[in-house]
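Engineer: Take this structure first; my questions come after.
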Amino acid sequence: MDFDLTGKLLISTPAMGDPRFAHSVILLCAHSREGAFGLVVNRPIAQLTLADILSQLDIEPGEGATGQPVLAGGPVETARGFVLHSDEGRAGAKDDEASQKLPGDMALTASTGILSAIAQGQGPRQWLLALGYAGWGPGQLEGEIAQNAWLTCDARDDLVFDPSPGDGQWHAALKSIGVDPLTLSAVAGRA
């Protein structure tokens, strides 16, 4: 592998054969020869909010516990939660080892400490909570990119931390690289 997409966004195209990823925007949290790991950032889980998760974890909701949606981060380990957040929130994790620094002043935390900080209004400036993740084995993502199933773009905060996650993020991500969704083809090929 001669490129590392860690910290970039993957934008699905019509050539993506897996319907679970149609119109998906995924932040790649890790990409190496061993494979790739990312979170879908534009798939809210219907009728599930931060308050619901806090209740399940016996964390007392405070001012920070709003109706923020919980996202479906991907089809792997869907009961496992991840908080993607602006990097200044790593202190709220109470355990820096539970927090992974990502490019672009972002971090990924899988501890409940960050949820407690968010619930009390003391968490990071920007954050999202996702259940599950998307994963690829060695060479799998590169093969999908070669088949035109994914486009890539920079992970701007407005594309990642959209307060109203959904298809609008997919359109905005495409627009950020000058692509009109109406011009995308489901047929893979090379010119």
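Each reported figure results from applying straightforward, stated rules to the coordinates on display, with no laboratory input. Predicted model only: the values in this text are computed from it and were never measured. Counting neighbours? That spans all protein chains shown, and the Cβs are built from the backbone with ideal geometry, glycine included.
Engineer: Give the long-range amide H neighbours of Gly35: residues separated by 5 or more places, or on another chain, with amide H under 5 Å away, using H modelled in the peptide plane at 1.01 Å from N.
Structural biologist: HN-HN under 5 Å from Gly35: Gly139.
Engineer: Largest first and in whole Å, what are the equivalent-ellipsoid semi-axes of the chain based on the Cα gyration tensor, each being the root of 5 times an eigenvalue?
Structural biologist: In descending order the semi-axes read 29, 17, 14 Å.
Engineer: Continuing with the same structure: Charges on Cβ only, +1 for Lys and Arg, -1 for Asp and Glu, centred on the Cα centroid of the chain; of Ile118, Ser185, His23, which one is farthest towards the dipole's positive end?
Structural biologist: Ser185
Engineer: Here is a further query. Show that you can apply the helix-only estimate: for the chain, add -39,500 (n - 2.57) for every DSSP H stretch of four or more residues, divide by all residues, and state [θ] at 222 nm to the nearest 500.
Structural biologist: That calculation yields -5000 deg cm²/dmol at 222 nm.
Engineer: While we're on this one: By count of other Cβ within 10 Å, fewest leading, how are Met106, Met16 ordered?
Structural biologist: Ranked by crowding around the Cβ, least crowded first: Met16, Met106.
Engineer: Also, quick follow-up: By count of other Cβ within 10 Å, fewest leading, how are Ser12, Ser111, Ser55 ordered?
Structural biologist: Values: Ser12 23, Ser111 17, Ser55 13.
In increasing order of surrounding Cβ atoms, one gets Ser55, Ser111, Ser12.
Engineer: Right, another one. Could you work out how far helix 167-176 tilts from the main Cα principal axis of the chain, as a 0 to 90 degree angle to the nearest 10?
Structural biologist: 60
Engineer: If you place +1 on the Cβ of every Lys and Arg, -1 on the Cβ of every Asp and Glu, and leave all else neutral, what size is the dipole of region 8-183 about its Cα centre, to the nearest 20 Debye?
Structural biologist: Working: 11 positive and 21 negative charges, 51 e Å.
Value, rounded to 20: 240 debye.
Engineer: Counting other beta carbons within 10 Å of each residue's own, what order do Leu48, Leu108, Leu182 fall into, fewest first?
Structural biologist: Values: Leu48 15, Leu108 23, Leu182 5.
Least to most surrounded, the residues fall as Leu182, Leu48, Leu108.
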